[in-house]
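**Q** Pasting in a structure now, in structure tokens, and then I'll have a few things to ask.
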Amino acid sequence: MDTIFALASARGKAGVAVIRVSGPAAIDAGKIVAGDVGAPFRTSLRWLRDKDGAPLDQGLVLFFPHGQSFTGEDVVEFHIHGSMAVINAVLKRLSQISSLRPAEPGEFTRRALENGRLDLAQVEGLADLVEAETEAQRRQALRVFEGRLGQLVDGWRNNLIRAAALIEATIDFADEEVPVDVSPEVTDAISETLKSLRAEAEGSRVSERIREGFEVAIIGKPNIGKSTLLNRLAGREAAITSEIAGTTRDIVEVRMDLGGLPVTLLDTAGIRETQDHVEKLGVARAIERADRADLRVLLIDEEGVSAIGRQVEEDDIVVQAKADISRKNNGLAISGKTGQGVDELVAEIAARLERKSLGAATATRLRHRIAMETAISCLERALDHVNSGSGLSELAAEELRSATRALDSLIGKVGVENLLDEIFASFCIGK
């Protein structure tokens, strides 16, 4: 395998930059550039020199031996001063060593997968950890990166392998008298796995929302203050405000961190009957997007909810708008213009989304859920075959094998080669 190198820290001016070299020639490269790599896991302060022996920079050199590094290969890291001139000089020096080549996007992590240091779910967790914007996203990505999903899969697989072994035994000894009926133990193993899988698959929908962000739609009739509220929450003029009704025609989105949760606020077109073709399209799009949102904030005036023209759902937050000029304020009342009641609204939104997030699972992606749902379908059929009698043992065993293959694909053991290029394309070069 080639020896690769790349800047592992972010590009740009910084106090310290890290350049990583991984592969069979990493130690030799370290000796060429720094004279020596020192003892494993111990940093040594050394001068890095060009091919003529002139100093490039003074930095720390750190050596991770084969089998004990991130990639599973020999790895040498240079911790140098973070100016672009120094970084470029060291990268140029490494490029002059014939046994080295620049790393491709995600190649360090891909080698960690190929060398058994990470499973595919952990790779995805690492990608999410790098991209995490909120505390909830960080915690969730870290659970996956730590291998929690792989641990779940191992437990499910062990149950299914045990059940399959018992069924296979009855098939192998079909012509002999088997003293013990194994069907109760097989049924228990399948049922226990099914229960856990169903809970994880259902919770993965919430995990996906934490990973991608919850959507909160602000809806109401025209000129009720939706855009003003959005601007107040965003802390900037994200949407155009005007006293002219129907100013908002398209959906305006603002990404925020509410209580550690990723939230996208949606400012929608005012809901009303209109003959304006463009505004009519905006109203239709507003209703459609609001129906798909995780939470809706309904802004009302003295006329009440009926003026919006839609049914109030259980998760909707009904808010009295324009509290600064309204003659009658009932319940939660806000003013996007003055900020009155906005903190209380934010707290209510955060509390409701927090309750939704409590059902989050370890699995975080649509790919994970599809693999689990495939396994669930196989196990349901296997359970039917077992309950139908020994004549269908072969079919039950095959369904168990199919379920196991589906779970193996979840952590990258089988059938995911076509996904790897897409997954690693999202990584930066130094990762």
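**Q** Residue by residue through the range 256-265, which ³J(HN,Hα) values in whole Hz follow from phi under the Karplus form 6.51 cos²θ - 1.76 cosθ + 1.60 (θ = phi - 60°), with glycine and proline marked x?
**A** Residue by residue, the range 256-265 yields 9, 10, 10, x, x, 9, x, 9, 10, 8 Hz.
**Q** Show the residues, 5+ positions off or on another chain, whose built amide H is closer than 5 Å to the amide H of ALA333.
**A** GLN320
**Q** By count of other Cβ within 10 Å, fewest leading, how are VAL206, VAL76 ordered? Walk me through the intermediate numbers first.
**A** On the way: VAL206 19, VAL76 27.
Sorted ascending by nearby Cβ count, the order is VAL206, VAL76.
**Q** Next question. Antiparallel as a % of all DSSP beta bridges within the range 24-92, to the nearest 5?
**A** Bridges in the range 24-92 are about 90 percent antiparallel.
**Q** Which entries in the list LYS195/LYS356; LYS51/LYS431; LYS13/LYS51; LYS13/LYS413; LYS13/LYS337; LYS92/LYS431 go over 29 Å, if you measure between the two C-alpha atoms of each? Write out the running numbers ahead of the final one.
**A** Values: LYS195/LYS356 21 Å; LYS51/LYS431 27 Å; LYS13/LYS51 25 Å; LYS13/LYS413 40 Å; LYS13/LYS337 41 Å; LYS92/LYS431 19 Å.
From LYS195/LYS356; LYS51/LYS431; LYS13/LYS51; LYS13/LYS413; LYS13/LYS337; LYS92/LYS431, over 29 Å: LYS13/LYS413; LYS13/LYS337.
**Q** Something else now. Please rank VAL130, VAL216, fewest neighbouring Cβ atoms within 10 Å first, as an exposure proxy. The partial results should precede the final answer.
**A** On the way: VAL130 14, VAL216 23.
Fewest-to-most ranking of VAL130, VAL216: VAL130, VAL216.
**Q** If you don't mind, there's one more thing I want to ask. Taking other Cβ within 10 Å of each residue's Cβ, how do LYS413, LYS322 sort, fewest first?
**A** LYS413, LYS322
**Q** Taking Cα pairs under 8 Å and at least six residues apart, what relative contact order does the range 311-371 come out at, in percent?
**A** 18 percent.
**Q** Sticking with this structure for a sec: Write down the radius of gyration of the range 3-119 and its Dmax, each obtained from C-alpha positions, in Å.
**A** Considering the range 3-119 through its Cα atoms, Rg and Dmax are 13.2, 43 Å.
Every number here is computed from the coordinates shown, using simple stated rules; none is lab data. All figures in this text were calculated on a predicted structure; none of them were measured in a lab. Every residue, glycine as well, gets a Cβ built from its backbone with ideal geometry; the counts of neighbours run over all protein chains shown.
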